[in-house]
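Worksheet: the structure to be examined is printed underneath.
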Amino acid sequence: MKNRYLSLTVALLALSLAGCPPKTETGGGATGKAATTGDIVVGEYGSLTGNQATFGTSTHNGITLAMEEVNGSGGVLGRQIKVITEDDQSKSEEAASAVTKLIAQNSVVAVLGEVASSSSMAAAPVCQSNKIPMITPSSTNPDVTKKGDFIFRMCFIDPYQGPVMAEYLVNTLKVKRVALLTDNRSDYSRGLGEAFSGRFKQLGGAIVITQSYSQGDSDFRSQLTAIKTANPEVLYVPGYYNDIGQIASQARDLGMTMPLAGGDGWESPKLIEIGGKALEGCFYSNHYYAEDPTPEVRNFVEKYKKRFDNQMPDALAALGYDAAKVLADSIKRAGKTDGPALRDAIGQTKGFQGVTGAITLGPDRNPIGKKIVIVGIQNGRLALRSTIDPNTQAAPVAAHATSAPSDTTGTH
Ligand code: PHE
């Protein structure tokens, strides 16, 4: 119902705009044929403000850096790329209208975003029904790209991320009893929680208790008290950074000493700022590690720090950068900017050397064989614990002897 309503809104908006001259000589989505001169206009929607503001901000920086590089070396098809950015305030309800506006008013040729899976899922049908390709840099819920053949992603999916952590807990840390705490307002959190617990149980582990919260809650004490009674060795919380810091602090206040573990949603420069000492010994799975010695990562980190006031790029920045570069490369290969041609070119992306690894898209529009890292919080900073590369290894192995599982807060 909601989707049909949205496409109708787009159609009406497009109709009402049909008589107006386009502001920029580009486009080709809902409003007409793709232009062949002037700037190529690309849309970006993201959480620049609100609960997950660092997700949108980091992604935006990554996209900005990538497009400045593309434009600095002559652009694509002899034209410059212009990015128009819409802030959805970290609300999935706003994501769909942000994308509707980008398509109907700005005539973007493609859309980059979102980070949060719920927001990507809300906006994807708008892109699909208007035949405008969308690339989410970082949404990991498998349903996102199932919204249609115009929807792509640059990252691994949760049915891979969850089991990797389950295997790490069982095989490397010898953990048998885990408590699960999920955010019931997030498709990402629910999906990752299920993917994790399915594999964990398969490996002989027990989920001793399952509790939930709602994104933006500030009091987690009743769930944590119940979890404390169930006495797990590890508390798995597939949530977003702003909640994680508070959950960890409240758990420590209640005298709980077990490590918390989580997924990519923990990734933020604000994570440790919010959680502080409560997060020592905790760990999460992620797309990239900023201190990775590979030339691709070193080069990216150096350029990013120079461009953005010495800030360290997080995984969102790296994935935003990769998404923008893949899009520019696809426009070049397509030789034009109309939706279906661009869709085909993005789908044919093969071995594109990104910061987060080589990107090859499969028939389901998800990348094949992306690696995953497990990072831990040690002495107030991130340390690499393990790298899992599906191209070269079957099971998780410890990558750094110096960052072996910390026992400072662990009970195992
Ligand atoms: N994977 C998360 C989601 O789908 C978003 C995310 C990606 C958050 C990477 C942080 C880092 O909702």
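FYI, it's all coordinate maths here, none of it is from the lab. Predicted model only: the values in this text are computed from it and were never measured. All Cβ positions, glycine included, derive from the backbone under ideal geometry; neighbour counts span all protein chains shown.
Structure notes:
- Rounded to the nearest Hz, the phi-derived 3J(HN,Hα) couplings of region 322-334 under the Karplus curve 6.51 cos²θ - 1.76 cosθ + 1.60 (θ = phi - 60°) are 4, 4, 5, 5, 5, 5, 4, 5, 5, 4, 4, 5, 5, where x marks glycine and proline.
- Region 162-220: trypsin sites (Lys or Arg not before Pro) falling in loop per DSSP and having at most 14 other Cβ within 10 Å: 174
- Summing +1 for each Lys or Arg and -1 for each Asp or Glu among the other residues whose beta-carbon sits under 10 angstrom from that of residue 47 gives -3.
- Magnitude of the charge dipole, region 242-385, Cβ model with Lys/Arg +1 and Asp/Glu -1, debye to 20: 440 debye
- Of all segments of the chain bounded by GluC sites (Glu not before Pro) found in a DSSP loop with no more than 16 other C-beta atoms within 10 Å, the longest spans 26-290.
- Comparing Cα centroids, region 157-221 and region 34-62 end up 31 angstrom apart.
- Each label was represented as a point 7 Å from its Cα along the Cα-to-Cβ direction; for residue 368 and residue 206 these points are 4.2 nm apart.
- Phi-based couplings in Hz for region 248-261 (Karplus 6.51, -1.76, 1.60; Gly and Pro marked x): 5, 4, 5, 4, 5, 4, 7, x, 8, 10, 5, x, 9, 10
- Listed residue pairs exceeding 28 Å between alpha carbons, taken from 270/303; 82/371; 147/371; 146/303; 147/270; 91/303: 82/371; 146/303; 147/270; 91/303
- Point-charge dipole on Cβ atoms (K/R +1, D/E -1) for the chain, about Cα centre, debye to 20: 580 debye
- Amide H contacts of residue 382 (H built 1.01 Å from N, in plane; Pro and chain starts excluded): no residue 5 or more places away or on another chain comes under 5 Å.
- Summarising the label geometry, the points placed 7 Å from Cα in the beta-carbon direction at residue 302 and residue 391 lie 2.2 nm from one another.
- The phi-based Karplus calculation (6.51 cos²θ - 1.76 cosθ + 1.60; θ = phi - 60°) puts the 3J(HN,Hα) values of region 273-286 at 4, 7, x, x, 4, 4, 9, 3, x, 8, 7, 8, 8, 8 Hz, whole numbers, x for Gly and Pro.
- Gained length - residue 69 relative to residue 93, 0.36 nm times residue gap less alpha-carbon distance: 5.4 nm
- Near residue 332: Cβ cut-off under 11 Å, other residues only, Lys/Arg at +1 and Asp/Glu at -1. The net charge is +3.
- Between 230, 345, 261, the residue with the greatest mean-square fluctuation in the GNM of the chain (Cα pairs under 10 Å linked by springs) is 230.
- Label sites at residue 143 and residue 225, each approximated as a point 7 angstrom past Cα along Cα to Cβ, lie 3.3 nm apart.
- Computed [θ] at 222 nm, deg cm²/dmol, the chain (DSSP H ≥ 4; -39,500 (n - 2.57); rounded to nearest 500): -12000 deg cm²/dmol
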